[in-house]
Amino acid sequence: MKSIHILKTWSILSIVCLFIGCDLPVQERFIFKPEVDIVDPFAEITAWEFINSGRALELDDEGELIGDNFNYLKAAIEAADMVDEYNSADNERTYLLLNNNSFLGNGDVIDLITGSEEIEEGETPEEIMARADLDVLRSILKYHIVTTYITQTNVLLETDVSVKFQTLIPGEDGVIYMRRNALWSIQINQNPVPLPNSAFGGGNNETVRNHNYVFNNGIGHSLNDPVRNRPYPTPNN
């Protein structure tokens, strides 16, 4: 009998709630209106101006570079006499921005352009570039400028489908592949793509670290390591 009484009580409460609920007004559609406009902070400057900006060369309280920093890239572009490429009026380009980590370590840029990953204590980026093989350096920088404007959505529409693009290096040596993974990160020269076996392993492929630096002459994505589809030339130092 007790269970029947409880069931009757719940039935009465449900009916009461139903009638009360019918008297409630319909909730108006909610549209979020942020107080701060979301804008691209670098949309009025070139890729080169961004690389020289305070944001790109930001220091912490102890004077150490933080975040995506590009003082090695800045020195490399100047040494390779390629400032005009990063100031280009061609706004359809994608700049794969090599952050400081891309230069330091085995198989990274300093190793590729000097033949050794070793740097002397206190050696500045400009001093390192002074002993670099500039032909190799130019090849690396040219391969990291793609002739198509690429975001995660405007070209890479299908997840895990590799799309072929061309860099500033002509022909097959300049081919680069990109795809978007399930987390919406851009992956570069990742399997499966029809590239030679030498393209894979040893830091030849990479996932973008930070996406969508919008400039007035293209768009940039930062990398923690350099990429390639074939080995770069050997330094003649």
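The values are calculated or read from the model by the stated rules, or taken from the named source; none is laboratory data. Owing to the predicted nature of the structure, the values given are computational and were not obtained by experimental measurement. Here the Cβ is made from the backbone with ideal geometry for all residues, glycine too, and neighbour counts use every protein chain on show. We work out accessible area using only protein heavy atoms, side chains counted, and drop any ligands, DNA or RNA first. Shrake-Rupley method; radii C 1.70, N 1.55, O 1.52, S 1.80 Å.
Below, the figures for the structure above:
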read-out: Members of the stretch 95-120 that are surrounded by 13 or more Cβ atoms within 10 Å (Cβ to Cβ), part of a loop (DSSP other than H, G, I, E, B) and among the acidic types (Asp, Glu); value: Asp108, Glu117
read-out: Selected residue (criterion: surrounded by the fewest Cβ atoms within 10 Å (Cβ to Cβ)) from residues of the stretch 121-147 that are under 20 Å from the mean Cα position of the chain (by Cα) and of a type outside the set (Ser, Thr, Tyr); value: Lys142
read-out: Evaluation of Glu92 against (1) in a helix (DSSP H, G or I); (2) open to solvent by 60 Å² or more (accessible area, probe 1.4 Å) (one fails), failing number; value: (1)
read-out: Qualifying residue in the stretch 214-229 (condition: modelled with pLDDT under 90 and surrounded by 14 or more Cβ atoms within 10 Å (Cβ to Cβ)); value: yes
read-out: Residue list for the stretch 148-159, restricted to those being among the hydrophobic types (A, V, I, L, M, F, W, C) and either open to solvent by 40 Å² or more (accessible area, probe 1.4 Å) or in contact with a Cys (Cβ under 8 Å, 6 or more places away or on another chain) (or both); value: Val155, Leu157
read-out: Residue pairs meeting the criteria (Cβ under 9 Å; at least 6 apart or on separate chains; first under 15 Å from Tyr232 (Cβ atoms), in the stretch 110-127; second open to solvent by 80 Å² or more (accessible area, probe 1.4 Å) and basic (Lys, Arg)); value: Ile113/Arg131; Thr114/Arg131
read-out: Qualifying residue in the stretch 160-167 (condition: surrounded by fewer than 18 Cβ atoms within 10 Å (Cβ to Cβ), on the phi > 0 side of the Ramachandran plot and in a loop (DSSP other than H, G, I, E, B)); value: yes
read-out: Verdict on Met178 being of a type in the set (A, V, I, L, M, F, W, C) and in a helix (DSSP H, G or I); value: no
